[in-house]
C-alpha cells in the first residue's frame, strides 16, 4: 500500500509517517519512481508507535524500545521494561513539579482575590 492509504488506515497524517521514517521507527520499500510502499504489518506498527507517543514517550525512547518488538526475547523485554520504568519515574517527577507549580499559582490567585476584596471594600466604604 502507498503512504496515503497507510496514513488513512492507521489514523495518522502522511507527515507523521514521514517523521517516523526519519526517526528510524518505520521503514518502507521504494518503487523505481521513489514512492514509498508498505505492507499490512505496517498498520500495526504505526498503531503501536501511536500508543507509545500517547504514553508520553519520545521518538528516541521509542527507538530504544523497538528491539523488544523487532527481536523479542527475555533480554529485550527486560530492557524495555526497565526503560519504561525510567520514563515513568521521569513523568512522575514532572507531575510532581506541575502540582507544585499549580499550588504556587493557587497562592497567587488567592492573593489576588484578597487584594480585589480590599479594593472593593475601599471603594464601597
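Screening 39, 101 for residues that are out of contact with any strand residue (DSSP E or B) (no Cβ under 8 Å at 6 or more places or on another chain) and either within 28 Å of residue 12 (Cα to Cα) or in contact (Cβ under 8 Å) with a residue 12 or more places away in the chain (or both) leaves exactly one candidate, 39. Evaluate the following for residue 115: is it under 22 Å from the mean Cα position of the chain (by Cα), without any contact (Cβ under 8 Å) to a residue 60 or more places away in the chain and over 18 Å from residue 17 (Cα atoms)? Taking the combined requirement at face value, the residue does not satisfy it. Picking from residues in the stretch 15-36 that are part of a loop (DSSP other than H, G, I, E, B) and touching a strand residue (DSSP E or B) at 6+ places or on another chain (Cβ under 7 Å), the one that is farthest from residue 86 (Cα to Cα) is 31.
Residue 64 falls short on exactly one of the conditions (1) at pLDDT 95 or above; (2) in a helix (DSSP H, G or I); (3) farther than 17 Å from residue 9 by Cα, and that condition is (1).
Taken together, the criteria place residue 51 among residues that are loosely packed, with under 14 Cβ neighbours inside 10 Å, in a helix (DSSP H, G or I), modelled with pLDDT of 95 or more and within 15 Å of the chain's Cα centre (by Cα).
Taken over the stretch 11-28, residues that are within 17 Å of residue 66 (Cβ to Cβ), touching a residue at least 24 places away in the same chain (Cβ under 8 Å) and more than 15 Å from the chain's Cα centre (by Cα) amount to 2. Inspection of the stretch 91-109 identifies no residue that is part of a loop (DSSP other than H, G, I, E, B) and surrounded by 11 or more Cβ atoms within 10 Å (Cβ to Cβ).
The values are calculated or read from the model by the stated rules, or taken from the named source; none is laboratory data. Please read these numbers as outputs of a predicted model, since none were measured by experiment. All Cβ positions, glycine included, derive from the backbone under ideal geometry; neighbour counts span all protein chains shown.
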